[in-house]
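Worksheet: the structure to be examined is printed underneath.
The values are calculated or read from the model by the stated rules, or taken from the named source; none is laboratory data. Note that the structure is predicted; figures quoted are calculated from it, not measured. Cβ placement follows ideal geometry from the backbone for every residue including glycine, while neighbour counts extend to all protein chains displayed. Only protein heavy atoms, including side chains, enter the accessible area calculation; ligands, DNA and RNA are left aside. Shrake-Rupley method; radii C 1.70, N 1.55, O 1.52, S 1.80 Å.
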Amino acid sequence: MNRRTFLRILGGGTILAAGGAGFFAATRVPARAHAPWSDAGAPRYADPRLAALSYAILAPNPHNRQPWLVGLDGDTSVTLWFDTDRQLPFTDPFDRQLTIGLGCFLALMEMAANAHGHRVETALFPEGEDPEGLDARPVAQIRFFPDSTVPVDPLWAQVPHRRSLKEPFDATRMVEHETLRSVLEAGPYVNQIDGSVEPDDVAFWRQLTEDALEIEIDTPRTYQESVDLFRIGKAEVNANPDGIDFSGATFDILAATGLFTRESARDTTTFTYQQGRAAVLENARTAMGHLWMVSRGNGRADQIAAGADWLRANLAANAAGLGFHPLSQALQEYPEMSALYQTVHDRLAPDGGTVQMLARIGYGPRVAVSPRWPLEAKLVGQ
């Protein structure tokens with residue numbers, strides 16, 4: 001295969017090879033990194049806490065950092081900690097987005113516990129908290145109680161099918177108001193969840209999210225933070241099933257030939273960089289609607305609650321057949337983003353509050369699950 005063909009692949013083309021392309025592609029799936037999705041609730045997790053945690057690790061979280069560590073206490077309790085090695089100091093300097101990810105984790109854990117006949121009681125930050133950042137103190141202590149009367153959440157069935165759809169949406173297929181309403185009414189929500197599919201609003205948020213993505217890419221330290229988390233090809237994804245994965249036959253070939261590396265992704269003169277930038281911006285341009293979430297407060301407990309609501313909105317969008325892709329770059333708290341941050345808050349929270357999350361919605365292709373560390377890798381003291 002010559003260089004022109006490789007460039008065509010990198011630009012979004014298709015590998016065309018006689019006899020064997022399909023087999024090769026099938027072997028490039030990072031099966032070990034995807035296994036936690038099929039292992040959730042497996043018989044080996046007989047302890048109801050482990051069963052619930054095996055689902056909780058599938059929760060959405062920023063940059064797929066999976067910032068949770070858990071320990072079993074006695075026979076009925078769990079402690080959740082923040083993994084301080086998982087911070088995003090440039091794009092999430094106060095750990096706000098990471099705390100939202102921990103809120104998604106706790107909400108999914110509770111949903112799984114309920115589905116398996118248990119209720120939970122959660123005490124947040126039992127040893128205190130730091131508004132400037134997360135630290136090594138417990139995020140939560142959770143007790144499990146058998147309870148056959150606890151209801152199974154209607155959205156529980158969506159858990160194995162939830163995705164963050166980071167692909168262009170079908171720009172010819174509109175999102176109906178009734179479909180959006182089904183997501184907005186899928187509460188109870190603690191925070192304000194709202195959205196729009198009106199053409200003028202869609203145009204506004206398309207441009208703003210594109211502008212925010214460009215700022216993140218054009219700011220060297222924030223872009224480098226993402227590049228450092230690139231996992232390119234099956235071997236890298238299986239070895240480090242976190243961060244930003246580029247897996248599949250195309251990326252394995254490009255990595256093996258040196259056409260796609262972290263170095264080429266950093267070099268703004270390369271085709272790799274230019275095509276990657278174009279692909280990211282195309283996602284923003286094909287949004288067919290947007291969702292957002294506003295909280296009254298912005299303490300750690302507010303951010304945990306925001307995670308629970310955001311998980312629910314994601315599952316509700318999946319139930320409605322919608323693709324769901326967080327695009328919260330404009331909410332990041334660093335100087336270069338401050339003007340867009342203020343614009344978002346002026347528009348969505350003019351009377352006060354914090355815009356915690358922003359996402360695009362639409363219809364797109366079915367995509368693979370995101371890589372995950374197995375539960376055993378996240379257990380402390382076992």
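Miscellaneous remarks
- Which of 367, 380, 159 is most accessible, then next, and so on - probe 1.4 Å: 380, 367, 159
- Here residue 242 sits with roughly 10 square angstrom of accessible surface, probe radius 1.4 Å.
- For the pair residue 44 and residue 377, a Förster radius of 22 Å applied to the C-beta separation gives a FRET efficiency near 0.90, rounded to the nearest 0.05.
- Assigned charges on the beta-carbon of Lys, Arg, Asp, Glu; the chain dipole about Cα centre (debye): 1460
- Accessible surface calculations at 1.4 Å, restricted to protein heavy atoms, place region 119-207 at 59 Å² per residue.
- Under the Karplus curve 6.51 cos²θ - 1.76 cosθ + 1.60, θ = phi - 60°, whole-Hz ³J(HN,Hα) for region 58-75, x wherever Gly or Pro sits: 8, 5, x, 6, x, 6, 6, 6, 6, x, 9, 10, 9, x, 8, 10, x, 9
- Other residues within the sphere of radius under 14 Å centred on the Cβ of residue 281, judged by their own Cβ, net out at -2 (K and R +1, D and E -1).
- Residue 49 sits among other residues whose Cβ lies under 10 Å from its own Cβ, and their net charge, with Lys and Arg +1 and Asp and Glu -1, is -2.
- Computed with a 1.4 Å probe over protein heavy atoms only, the accessible surface of region 263-350 comes to 36 Å² per residue.
- ³J(HN,Hα), Karplus 6.51/-1.76/1.60, whole Hz, each residue of region 148-157, x for Gly, Pro: 6, 8, 5, x, 7, 5, x, 8, 4, 4
- With every protein chain in place, the chain: carbon and sulfur % of accessible area (1.4 Å): 53
- In the chain, excluding the sites themselves, the longest stretch lacking any of the GluC sites (Glu not before Pro) that are in a DSSP loop with at most 14 other Cβ atoms within 10 Å is 186-332.
- Other residues whose C-beta falls under 14 angstrom from the C-beta of residue 144 contribute a net charge of -3, scoring Lys and Arg +1 and Asp and Glu -1.
- Per-residue surface analysis assigns residue 354 an accessible area of about 20 Å², computed on protein heavy atoms at 1.4 Å probe radius.
- Residues whose amide H falls under 5 Å from that of residue 186, counting only those 5 or more places apart or on a different chain, are absent, with hydrogens built in the peptide plane.
- Whole-number percent relative contact order across the chain, with pairs defined as alpha carbons under 8 Å at least 6 apart: 25
- Basic side chains Lys and Arg get +1 at the Cβ, acidic Asp and Glu get -1 at the Cβ, and with that the dipole of region 182-332 about its Cα centre reaches some 300 debye.
- Antiparallel bridge percentage (DSSP; both residues within region 167-302; nearest 5): 60
- Taking the helices alone, the chain has a mean residue ellipticity at 222 nm of -12000 deg cm²/dmol, built from -39,500 (n - 2.57) per DSSP H run of at least 4 residues and averaged over all its residues.
- Under a 5 Å amide H cut-off, with hydrogens placed 1.01 Å from N, residue 68 pairs with 83 among residues at least 5 apart or on other chains.
- Taking amide H atoms as placed 1.01 Å from N in the peptide plane, the amide H of residue 358 lies under 5 Å from those of 327, 328, each 5 or more residues away in sequence or on another chain.
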